[in-house]
Amino acid sequence: EKVIPNKKIKIEIIYQDKNIIVVNKPAGLQVHPSDTEKENTLVNGLIVDFPEIKSVHDGSQESWMRPGIVHRLDKDTSGVMVVARNKKTFFELKKKFADREIRKNYVAVVYGHLKKDKGVVDAPIARSASFKKQKIAQGKMKGTARPAVTEYSLLKRYADFDFVEALPKTGRMHQIRVHLASMGNSIVGDGKYKRKDLIKPSEISRQLLHAQKLEFELDGQKYAFEAPLPTDFAGFLENLA
């Protein structure tokens, strides 16, 4: 099995060296191939210029579909992502993510106002029965709930929305989206976790969640990367001001 290169996928490279590629992933682009999408993903685009990543995976089932991928962003989340170019870096970064040694700063626009300007959501997350969605684990759950911790703080308050920063301390699927929604502040444009009574602004076609910064240390060197707010996100905030 191998990933199909796709030259049509344009990728903004923020930084590259012999070990890593740092990209600014656009919203709407899936990170790696899946059973339903084989060709139009970030990985399909990356292997055009970085064919060496094809063999960078742990050899587990279907891991060939995720070469170089040490962490993910949801399809409709934009922002900074690091990809490993060799196996040594791949395993080092995987371990750093697992050991919570990588700092990830996200920004989001949420409905309503935070009850507290800053705080921590420490609520385990479990997959719901459909597997397409996650939920806050209630009571005693057998084996499926995994610890999830997100720090958050208010950056700016608008009439009907808050612009917030979120720092996930763990890396669960949809974690920030689930945690903010659990506080009653679901992310604008998030169809999966929004309250039924909230109207999605017509100009927004995805959740306004952006991975703004990524900081880590590798081989004794400190790295810090940042991706500017995409046009749709920045434009929405400008219209609120």
Checklist entry - For the chain, modelled as a Gaussian network with Cα springs under 10 Å, which listed residue fluctuates most, Phe163, Phe91, Phe50? => result Phe50
Item to check | Most mobile of Asp162, Asp197, Asp117 in a GNM of the chain (Cα contacts under 10 Å) | outcome: Asp197
Checklist entry - Roughly speaking, to the nearest percent, how much of the chain's 1.4 Å accessible area is carbon and sulfur? => result 50 percent
Item to check | Over the chain, volume per residue of the alpha carbon convex hull, in Å³ | outcome: 140 Å³
Checklist entry - Roughly how large, in nm² to one decimal, is the mean projection of the convex hull of the alpha-carbon atoms in the range 1-84? => result 5.0 nm²
Next on the checklist: Given a 1.4 angstrom probe, what's the average accessible area per residue across the chain, in square angstrom?
Outcome noted: 52 Å²
Checklist entry - Can you give me the pair-distance distribution of the range 172-241, C-alpha pairs, 5 Å bins, whole percents? => result 3, 14, 19, 19, 18, 11, 7, 5, 2, 1
Item to check | the range 74-206 pair-distance distribution - Cα-Cα, 10 Å bins, rounded % | outcome: 11, 38, 35, 13, 2
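Can you list which of the GluC sites (Glu not before Pro) found in the range 173-241 are DSSP loop residues with at most 15 other C-beta atoms within 10 Å? Write down the numbers at each step before the final one.
Details: sites: Glu203, Glu215, Glu217, Glu226, Glu238; in loops: Glu203.
The qualifying sites are Glu203.
Let me check I've understood the local charge: for Pro147, count other residues with C-beta under 13 angstrom from its C-beta, Lys and Arg +1, Asp and Glu -1. What total comes out? It would help to have the intermediate numbers written out before the result.
Details: positive: Arg100, Arg146, Lys169, Arg172; negative: Asp122.
My count for the surroundings of Pro147 gives +3.
For the range 1-95, which GluC sites (Glu not before Pro) are both in a DSSP coil and crowded by at most 14 other Cβ atoms within 10 Å?
On the way: sites: Glu1, Glu12, Glu37, Glu39, Glu52, Glu62, Glu92; in loops: Glu1, Glu37, Glu39, Glu62.
For GluC sites (Glu not before Pro) across the range 1-95 that sit outside H, G, I, E and B with at most 14 neighbouring Cβ atoms in 10 Å, the list reads Glu1, Glu37, Glu39, Glu62.
For the chain, what is the calculated [θ] at 222 nm in deg cm²/dmol (nearest 500), taking -39500 (n - 2.57) for each run of four or more DSSP H residues and dividing by its residue count?
Values: 4 runs with 38 residues, N = 241.
It comes out at -4500 deg cm²/dmol, rounded to the nearest 500.
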Checklist entry - Taking springs between alpha-carbon atoms closer than 10 angstrom, which of Ala181, Ala166, Ala211 fluctuates most in the Gaussian network model of the chain? => result Ala181
Checklist outcome for this item: Here the tail fraction of P(r) beyond 23 Å, over all Cα-Cα pairs of the range 1-143, rounds in percent to 44 percent
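Over the range 62-210, what relative contact order in percent results from Cα pairs under 8 Å that are six or more residues apart?
The value is 25 percent.
The values are calculated or read from the model by the stated rules, or taken from the named source; none is laboratory data. Here the structure is a predicted model, which means the values were calculated and not measured. Neighbour counts run over all protein chains shown; Cβ positions are idealised from the backbone, glycine included. The area values use the complete protein model at the heavy-atom level, side chains included, leaving out ligands, DNA and RNA. Shrake-Rupley method; radii C 1.70, N 1.55, O 1.52, S 1.80 Å.
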